[in-house]
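Rule-based calculations on the coordinates, nothing more; no lab input. The model shown is predicted, which means the values in this text are computed figures rather than measured ones. Reconstructed Cβ throughout: ideal geometry from the backbone, glycine too, with neighbour counts over all protein chains shown.
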Amino acid sequence: MLSLLLVLTLLPGQADAGTREDIVTTAKKYIGVKYTWGGTSPSTGFDCSGFITYVFKQKHNITVPRMTTDLYQEGTTVKKADIELGDLVFFTTYKPGPSHAGIYVGSGKFIHASSSKGITISSINDPYYWGSRYLGARRFIKEEEKVATLSVLPQGQYHDVPLNYWAYNPITTLSKKGIMNGYEYSQFKPVKSVTRAEAAAMVANALNLSDSTNKSQFKDVSSTYWASASINAVKEAGIIAGYPDGTFKPTKEMTRDEIAALIDKTFVLTNKSANNSFTDVKTDYWAYESIQLLSENKIASGFEDNTFKPLKETSRAEFSAFLYRALTTLTVK
């Protein structure tokens, strides 16, 4: 009867889209206001951080540091691919480190106080200037805590993996078999990047691997760590190794090339022709053969632009699909 049990909890939700849009709208009102070193208002003019401080504080009561270097040290780090409206983007200009900042307004553009144009909108990928000077992004708009009433679902079912989700079958099948697990309140978090510890646990569960040592083999994985036995087991099986410094880095996200190597070490890839050629994977690349074999055996495919994106982090949904395909079509070594 677990499916009928209702749990009332606070779950992290998306930040208020209205707040993000309002910040962008507010910022755009000042396009054309002159640049003034040290300026913090429309009447005096703005410098880059003065403009950000004014928009966030005066209009939306969000307090952020005044100096660009301090802004860069605070907030939540955001990957370039994940930047959202209202996030701050940073650049290095006249000196090493963050020396210029602006507010992201969407479509690869940001609004900022330019020393030559005043408040203006530019592209973060501008090939003539900003593109090569991009440093990173930070998020200061807090994620809202939203009250949600969620039913506790049967094993293998998740609120964030609906029937029409592209990886529904791999996720639900492997979950029902106990190969992988979700999070609290029947959440799977399919777009979250899979970590080395999670991958180790899933592979160990799928292959019924066991730890013969019962003690930590890596200095950053204690014997009480939740995935310690799985990490030791895959290490002993020669599937996932540690690093030269004696660490395993269990929370490090795994990239597509690492997943390719993992599956190559675990399963017999019968199609050895390896005729596929991805434009971003050269023949001397360390995981070249593994990547080609995964593609030939239809475990993982590339992208429409004929790339494989080997350094792209692998989501939990993607890893579920790769592992499911391998388990259902290949033989374990």
Exercise for review: Please find, in a Gaussian network model of the chain (springs between Cα atoms separated by less than 10 Å), the residue of Asn271, Asn297, Asn61 whose mean-square fluctuation is greatest.
Suggested key: Asn61
Study note, to complete from the structure: Using alpha-carbon coordinates alone, the radius of gyration and Dmax of the stretch 17-139 in Å work out to 12.8, 36
Review point. In terms of the Cα gyration tensor, with a ≥ b ≥ c the square roots of its eigenvalues, is the stretch 254-295 rounded because a/c is under 1.5, prolate because a/b exceeds b/c, or oblate?
Key: oblate
Exercise for review: Net charge near Leu330: determine it from the other residues with C-beta under 15 Å of the C-beta of Leu330, scoring Lys and Arg +1 and Asp and Glu -1.
Suggested key: +3
Revision key, fill the gap. Taking a ≥ b ≥ c as the square roots of the Cα gyration tensor eigenvalues, with a/c under 1.5 meaning rounded and otherwise prolate when a/b beats b/c or oblate if not, the stretch 154-332 comes out oblate
**Study point:** Spin-label model distance (nm) - Thr63 vs Ser115, 7 Å beyond Cα toward Cβ
**Key:** 3.1 nm
Check your understanding: Ordered by packing density, taken as the mean number of other Cβ atoms within 10 Å over each peptide's residues, highest first, how do 257-266, 77-86, 124-133 rank?
Key -> 257-266, 77-86, 124-133
Check your understanding: For the pair Ser41 and His159, what calculated FRET efficiency results from E = 1/(1 + (r/R0)^6), where r is the Cβ-Cβ distance and R0 = 45 Å, to the nearest 0.05?
Key -> 0.45
Exercise for review: Averaging sequence separations of C-alpha pairs under 8 Å and six or more residues apart, then dividing by the length of the chain, give the relative contact order as a whole percent.
Suggested key: 14 percent
